[in-house]
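To start, the structure itself, in structure tokens.
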Amino acid sequence: MTEPRVLVLGSSGPTAGPTLPPGLDRLAGRAEVVFGDEKSLAGQLSGADVLLVWDFSSDALRTAWPGPGPRPGWVHTASAGVDRLLFPELAESDTVVTNARGIFDQPIAEYVAGLVIAMAKDFHGTWEFQRRREWRHRETHKVRGSRAVVVGSGPIGRRIGVTLQALGVEVALSGRRERDGDPDFGRVHASEALPALLAEADWVVCAAPLTPATTGLFDAHNFGLMKHGARFINIGRGPHVVEPDLVEALRTGRLGGAALDVFGSEPLAESSPLWEVPGLLVSPHMSGDTIGWRDDLAEQFLDNFDRWAAGEPLSNVVDKKLGYVPQS
């Protein structure tokens with residue numbers, strides 16, 4: 001029996017992730033593993049049964065995806081977001097798409113909690129005064145008793161909410177539709193309720209999937225609805241935010257601060273004005289990346305390959321119409 005072919009899309013550029021995932025020797029004798037990059041991908045797809053998108057920052061699949069004829073029956077991306085994969089040709093095909101749901105939940109939640117504490121306690125100001133050898137006593141904000149709205153009710157958003165609750169923050173979770181009886185939050189609010197939630201929140205955290213409904217969600221209008229002095233954090237996707245509108249909200253003092261881990265164009269250009277906006281913390285898309293994360297991603301794929309090889313249902317199957325893995 002011919003071994004199935006697993007094609008791994010790695011990176012050929014200096015800024016992307018690692019070229020090869022660890023642990024693929026586990027597939028020896030069970031699958032033929034071949035490696036490709038953006039230049040070779042188009043010529044390799046038709047011969048692959050499975051595609052592992054290890055370089056999840058690449059857009060190469062959009063132009064390389066084959067037309068009618070042989071193509072991978074399963075595509076797995078080593079990322080939680082799948083917006084780069086849901087171009088029409090793939091979205092409308094019978095190819096199954098899975099993602100890295102579950103790997104980044106806790107690391108991102110810890111990162112967001114760290115940002116909330118750092119901004120409430122003005123750690124940036126403390127560092128600046130220390131650097132200048134200036135003894136400057138200040139009063140800072142309590143975290144306990146403050147209010148947050150987390151936009152995005154998937155695993156990452158939920159974990160952020162639970163972690164903030166552990167700090168004493170009152171959390172409202174916003175999703176696509178309303179659900180009562182939630183074990184952690186009581187109610188998940190529908191997207192239509194977001195304007196009212198924004199008006200009451202001290203912290204607004206975007207953890208939503210990128211869909212047509214969430215693209216440009218945080219614009220001048222929604223920033224204008226927020227409580228004066230509220231802080232905004234985006235660990236979702238860059239296009240969730242209209243960046244010039246965020247800059248204006250910070251410069252006018254409408255927002256008390258913001259942190260972006262994702263951007264409309266990455267890596268962020270050296271000439272971008274975002275680097276120097278007062279009150280804005282810029283981080284290079286790293287909120288979920290902790291020591292050992294590549295091993296976790298590879299192990300997740302290999303476990304799913306075992307299911308695929310055994311003819312069992314795959315985990316983390318993306319609803320290609322919704323753009324994310326539905327809640328069970």
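Every number in this text was worked out from the coordinates using simple rules, so none of it is lab data. Computed from a predicted model, the values in this text were never measured in an experiment. Cβ coordinates were reconstructed from backbone atoms using ideal geometry, including for glycine residues, and neighbour counts include every protein chain displayed.
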- With +1 on each Lys and Arg Cβ and -1 on each Asp and Glu Cβ, how big is the dipole of the stretch 105-282 about its Cα centre, in debye rounded to the nearest 20? 480
- Once you wrap a convex hull around the alpha carbon atoms of the stretch 215-328, what is its projected area averaged over all directions, in nm²? 9.7
- Provide the packing ranking of 93-105, 115-127, 202-214, 303-315, i.e. peptides ordered by the mean count of other C-beta atoms within 10 Å per residue, highest first. 202-214, 93-105, 115-127, 303-315
- Query: What is the packing order of peptides 318-326, 145-153, 169-177, taking the mean over residues of other C-beta atoms within 10 Å and listing the highest first?
  - Reply: 145-153, 169-177, 318-326
- Item | In nm, spacing of pseudo-spin labels at residue 178 and residue 39 (7 Å Cα→C-beta vector) | 5.7
- Sorted from largest down, give the three principal axis spans of the alpha carbons of the stretch 127-223, whole angstrom values. 51, 31, 22
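With viscosity set to 0.890 mPa s at 25 °C, what whole-number translational diffusion coefficient in µm²/s follows for the stretch 105-282 from Stokes-Einstein and a Kirkwood radius over Cα pairs?
The estimated diffusion coefficient comes to 148 µm²/s.
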- Pairing the Cα long axis of helix 155-166 with the longest principal axis of the chain, what angle in degrees results, from 0 to 90 and rounded to the nearest 10? 30
- Query: Average projected area of the Cα convex hull of the stretch 192-248, in nm²?
  - Reply: 3.6
- Task: Evaluate the chain: find the radius of gyration of its Cα atoms, find its Kirkwood radius, and give the ratio Rg to Rh.
- Result: 1.00
- Query: If the cut-off is 21 Å between C-alpha atoms, which lysines fall inside it for residue 142, apart from same-chain ones fewer than 8 positions away?
  - Reply: 121, 227
- Query: Using the alpha-carbon atoms, what tilt in degrees (0 to 90, nearest 10) does helix 105-120 show relative to the longest principal axis of the chain?
  - Reply: 20
- Folded to 0 to 90 degrees: helix 293-309 orientation relative to the chain principal axis, Cα: 40
- Query: Taking the DSSP beta bridges in the stretch 105-282 as the whole, what percent of them are antiparallel, to the nearest 5?
  - Reply: 10
